[in-house]
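Okay, so here's the structure we're looking at.
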Amino acid sequence: MARLAALTFLALLCSVTTCCHAAGYGYGYPSPGTGSGGGYPSPTPTPSPSGAGLAVGFYDHACPNAEAIVRGVVKNAVQQNPGVGAGLIRMLFHDCFVQGCDASVLLDPTAANAQPEKLSPPNNPSLRGFEVIDAAKAALEVACPSTVSCADIVAFAGRDASAVLSGGRVNFAMPAGRRDGLVSNANDALNFLPPPSFNLSELTASFAAKGLDVGDLVVLSGAHTVGRSHCSSFTRDGRLNASTSDMNPALAASLRQQCPASPTAANDPTVVQDVVTPVRLDNQYYKNVLNRNVIFTSDAALLKSGQTAAAVLLNAFVPGVWEQKFAAAMVKMASIEVKTGANGEVRTNCRAVN
């Protein structure tokens, strides 16, 4: 009976998806190997509205090769080390949730500001990909000096890393026109970035504060299908405690072999976040959630309400749905509290204000 109920529910989900797609829901799922642009499918249309002042093709006249330059740098880096791609996707999230999408996460410490965002515990030492942004910026400064903002480079890089890691299945147009911010504070990262120990209510509130809804929360959580995590990110809130955790016992046992009981700064190994497809951006994450093969409390929390559990099922079993939604959610996230026009600057060095 349970199996029949599950199959019936999935059939209903598929039916809903088909109807919605026929009515214009989603953003055109691309078939691998079609279209143009570096071997990836043609980008899916950009959802509307985007952040005020942003536009697709923003650099078409001022720096026509801007996106191609970033794409080339990112593709080379991610093909050499897929973990960098996961870092670039995460970097966009960590930038946009703090001070808006303004590249404040890139600023290095200075005598006047010894504790910028990148040194905050949510970012240090786990956030990576800074050297890829530096390389893209250096190439852009040669091609089009003082034209392309670091904030737009971060947004393009998150998009391009998604395309590489998904084999082109997640590929979309990213609006641009962001300006770089002048402020970066480590405390802001602590205040606005939701930790992996958050429950569903806390996660929902954190995303709502940035204009993102529960659907965005479920979809963006799917980025946990790539990358690695420090053991301290999940051991301290009892995820490996057999008496209290709902984690799959086999996964918990494996993680206990890889992680110290009490991680320290000197002994805090990393483990893959997706034990099935650790270097491929796909919908495996949602199957892992259903099988309780996820490491974070925030991942397990997606089964705590009917709404989020239904979304997990949809993303897990209906081909192409998650990829479409992820593209839309990335664009939506990349428009959070953007600075445009005279509200910011275009840095010549992404690590320092002009």
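The values are calculated or read from the model by the stated rules, or taken from the named source; none is laboratory data. None of these values were measured; they are calculated from a predicted model. A quick note on method: Cβ atoms are made from the backbone with ideal geometry, for glycine too, and the neighbour counts reach across all protein chains shown. SASA here: full protein model, heavy atoms, side chains in, ligands and nucleic acids out. Shrake-Rupley method; radii C 1.70, N 1.55, O 1.52, S 1.80 Å.
Taking only pairs six or more apart or across chains, which ones have beta-carbon atoms under 6 Å, a first residue in segment 45-73 that is open to solvent by 80 Å² or more (accessible area, probe 1.4 Å) and at pLDDT 85 or above, and a second residue that is β-branched (Val, Ile, Thr) and part of a loop (DSSP other than H, G, I, E, B)?
VAL56/THR46
For every residue, the table says whether it meets (1) closer than 25 Å to GLU323 by Cβ; (2) open to solvent by less than 10 Å² (accessible area, probe 1.4 Å); (3) out of contact with any strand residue (DSSP E or B) (no Cβ under 6 Å at 6 or more places or on another chain); (4) assigned to a loop (DSSP other than H, G, I, E, B).
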| residue | (1), (2), (3), (4) |
| --- | --- |
| PRO125 | no, no, yes, yes |
| ALA139 | no, no, yes, no |
| THR147 | no, no, yes, yes |
| VAL164 | yes, no, yes, no |
| GLY168 | yes, yes, yes, yes |
| LEU182 | no, no, yes, yes |
| LEU190 | no, no, yes, no |
| PRO194 | yes, no, yes, yes |
| ALA205 | no, no, yes, no |
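Out of (1) within 30 Å of THR340 (Cβ to Cβ); (2) at pLDDT below 95, what's the single condition that is false for ALA242?
For ALA242, the failing item is (1).
For segment 222-234, state whether one or more residues are at negative phi and free of Cβ contacts under 8 Å to residues at least 24 places away in the same chain. I'd like the intermediate steps shown before the answer.
Quick first cut of segment 222-234, residues at negative phi only: 222-226, 228-234.
Checking the rest, the ones that are also free of Cβ contacts under 8 Å to residues at least 24 places away in the same chain come to none.
Checked against the condition, which is being at negative phi and free of Cβ contacts under 8 Å to residues at least 24 places away in the same chain, segment 222-234 yields no hits at all.
In segment 298-313, what residues are more than 15 Å from MET247 (Cβ to Cβ) and open to solvent by less than 20 Å² (accessible area, probe 1.4 Å)?
If we filter segment 298-313 for residues that are more than 15 Å from MET247 (Cβ to Cβ), which is where we start, we get 305-313.
THR308, VAL312, listed by residue number.
Out of all the residues in segment 95-113, is one or more closer than 26 Å to GLY320 by Cβ and open to solvent by less than 40 Å² (accessible area, probe 1.4 Å)?
Of all residues in segment 95-113, those closer than 26 Å to GLY320 by Cβ come to 96.
Filter once more, so that each one left must be open to solvent by less than 40 Å² (accessible area, probe 1.4 Å): 96.
Yes: one or more hits.
Looking at LEU212, is it touching a Leu at 6+ places or on another chain (Cβ under 7 Å), crowded, with 19+ Cβ neighbours inside 10 Å and either assigned to a loop (DSSP other than H, G, I, E, B) or among the charged types (D, E, K, R) (or both)? Break it down into steps so the answer makes sense when it comes.
Working: touching a Leu at 6+ places or on another chain (Cβ under 7 Å): no; crowded, with 19+ Cβ neighbours inside 10 Å: yes; either assigned to a loop (DSSP other than H, G, I, E, B) or among the charged types (D, E, K, R) (or both): yes.
Spelling it out, it is not the case that LEU212 is touching a Leu at 6+ places or on another chain (Cβ under 7 Å), crowded, with 19+ Cβ neighbours inside 10 Å and either assigned to a loop (DSSP other than H, G, I, E, B) or among the charged types (D, E, K, R) (or both).
Could you tell me whether any residue of segment 323-333 is out of contact with any helix residue (DSSP H, G or I) (no Cβ under 6 Å at 6 or more places or on another chain) and either of a type in the set (Asp, Glu) or surrounded by fewer than 17 Cβ atoms within 10 Å (Cβ to Cβ) (or both)?
Taking segment 323-333 and keeping what is out of contact with any helix residue (DSSP H, G or I) (no Cβ under 6 Å at 6 or more places or on another chain), we get 323-324, 327-328, 330-332.
Now drop any that are not either of a type in the set (Asp, Glu) or surrounded by fewer than 17 Cβ atoms within 10 Å (Cβ to Cβ) (or both), which leaves 323.
Yes, that holds for at least one residue.
Cβ-Cβ distance below 6 Å, separation of 6 or more or different chains: which pairs start in segment 241-263 with a residue that is over 15 Å from ASN293 (Cβ atoms) and end on one that is outside any loop (DSSP other than H, G, I, E, B) and open to solvent by 70 Å² or more (accessible area, probe 1.4 Å)?
PRO260/ASN267
Of the residues in segment 278-297, how many are open to solvent by 10 Å² or more (accessible area, probe 1.4 Å) and within 17 Å of the chain's Cα centre (by Cα)? If you could, list the steps in order and put the result at the bottom.
Pass one, segment 278-297, residues open to solvent by 10 Å² or more (accessible area, probe 1.4 Å): 278-280, 282-284, 287, 290-293, 296-297.
If we keep only those that are within 17 Å of the chain's Cα centre (by Cα) as well, we get 278-280, 282-284, 296.
Result for segment 278-297: 7.
Take ALA316 and decide whether it is outside any loop (DSSP other than H, G, I, E, B), in contact (Cβ under 8 Å) with a residue 60 or more places away in the chain, open to solvent by less than 30 Å² (accessible area, probe 1.4 Å) and among the small types (Gly, Ala, Ser). Show your work before the answer.
Values: outside any loop (DSSP other than H, G, I, E, B): yes; in contact (Cβ under 8 Å) with a residue 60 or more places away in the chain: no; open to solvent by less than 30 Å² (accessible area, probe 1.4 Å): yes; among the small types (Gly, Ala, Ser): yes.
In short, no.
If we keep just the residues of segment 233-254 that are of a type outside the set (D, E, K, R) and in contact with a Lys or Arg (Cβ under 8 Å, 6 or more places away or on another chain), which is farthest from GLY85 (Cα to Cα)? It would help to see each step written out before you state the result.
As a first pass, look at segment 233-254 and keep what is of a type outside the set (D, E, K, R): 233-235, 238, 240-245, 247-254.
The next check asks that each one be in contact with a Lys or Arg (Cβ under 8 Å, 6 or more places away or on another chain); those that pass are 240, 245, 247-248, 251-252.
Working: LEU240: 28, SER245: 30, MET247: 27, ASN248: 27, LEU251: 25, ALA252: 26 Å.
The qualifying residue farthest from GLY85 (Cα to Cα) is SER245.
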